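Coordinate-derived values only; no laboratory data. Values in this document were obtained by computation on a predicted structure and should not be read as measured data. All Cβ positions, glycine included, derive from the backbone under ideal geometry; neighbour counts span all protein chains shown.
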Amino acid sequence: GAVVSQHPSRVICKSGTSVKIECRSLDFQATTMFWYRQFPKQSLMLMATSNEGSKATYEQGVEKDKFLINHASLTLSTLTVTSAHPEDSSFYICSASTDSATNEKLFFGSGTQLSVL
Amino acid sequence: QKEVEQDPGPLSVPEGAIVSLNCTYSNSAFQYFMWYRQYSRKGPELLMYTYSSGNKEDGRFTAQVDKSSKYISLFIRDSQPSDSATYLCAMSAQGGSYIPTFGRGTSLIVHP
């Protein structure tokens with residue numbers, strides 16, 4: 001299957017700092033990538049859809065100025081949590097689709113555990 | 001009513017048991033059905049995907065879709081402790097880059 005690499009796997013930072021998470025599709029080109037947030041024992045909560053070369057589409061309730069997404073190439077999307085606060089602590093996961101028409105095959109990164117002190 | 005309903009469990013079974021995991025959905029536009037496995041603090045891994053009603057088998061896993069009842073299942077034969085994980089169903093519709101909708105996941109525990 002396709003490989004999606006996500007870095008870093010774990011981040012601990014002080015309140016007020018910004019954190020950047022990278023998501024790369026290693027062996028395929030992804031015109032669409034998705035960013036999710038997951039709380040313990042909860043399902044995936046879609047935050048935004050990242051489209052190469054255009055602005056991301058954010059889900060209702062997700063602050064676009066707080067969670068900056070950049071999809072600069074067909075293999076790289078980044079999520080920057082700006083001025084992070086303890087309530088932003090969560091597990092963030094990216095995924096990439098090999099078929100943007102159906103999205104029936106999503107390949108996920110290994111996730112990033114963000115802890116804001 | 002949520003678009004996709006999935007019992008969170010946990011479901012605890014002995015090693016070697018046949019496991020049945022299920023999801024129901026309400027959106028009749030869904031055409032693509034997927035099952036993902038997620039180990040703790042890891043990203044989900046695509047296990048199975050299918051387009052139509054009926055069964056699809058891959059090793060110990062069988063995905064079943066009943067569109068008339070809006071019900072999908074994942075069966076795991078000869079379950080192993082290594083199958084212990086959370087299983088998420090997901091589904092999407094064609095056209096307009098339809099975003100997959102995920103169930104909340106069922107936690108499975110296979111004990112030796």
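Below are the figures for this structure:
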{"read-out": "Signed unit charges on C-beta, dipole axis of the stretch A:20-80, positive-most listed residue A:P40, A:L74, A:Q29", "value": "A:P40"}
{"read-out": "Neighbouring partner chain Cβ atoms per residue of B:38-51, average, 10 Å criterion", "value": "5"}
{"read-out": "Two-site label geometry, B:S73 and A:D65: point separation in nm, points 7 Å out along Cα→Cβ", "value": "5.2"}
{"read-out": "Amide proton proximity set for A:I21, modelled H, under 5 Å, gap of 5+", "value": "A:L79, A:T80, A:V81"}
{"read-out": "Derived scalar couplings ³J(HN,Hα) [the stretch A:37-48; Karplus, 6.51 cos²θ - 1.76 cosθ + 1.60; whole Hz; x for Gly, Pro]", "value": "10, 9, 8, x, 6, 10, 7, 6, 10, 5, 9, 6"}
{"read-out": "Given A:K105/B:K67; A:K66/B:K67; A:K14/A:K64, the pairs whose alpha carbons are separated by over 28 Å", "value": "A:K66/B:K67"}
{"read-out": "Residues B:E3, A:E63, sorted so that the one with the fewest Cβ neighbours within 10 Å comes first", "value": "A:E63, B:E3"}
{"read-out": "Summed residue charge, Cβ within 12 Å of A:S9's Cβ, Lys/Arg positive, Asp/Glu negative", "value": "+2"}
{"read-out": "A:L26, B:L46, B:L74 arranged by Cβ crowding within 10 Å, fewest neighbours leading", "value": "A:L26, B:L46, B:L74"}
{"read-out": "Average beta carbon contacts from partner chains per residue of A:42-53, 10 Å cutoff", "value": "3"}
{"read-out": "Whole-angstrom Cα spans of chain A along principal axes, big to small", "value": "38, 26, 23"}
{"read-out": "Ascending count of other beta-carbon atoms within 10 Å, so fewest first, for B:Y36, B:Y51, A:Y58", "value": "B:Y51, A:Y58, B:Y36"}
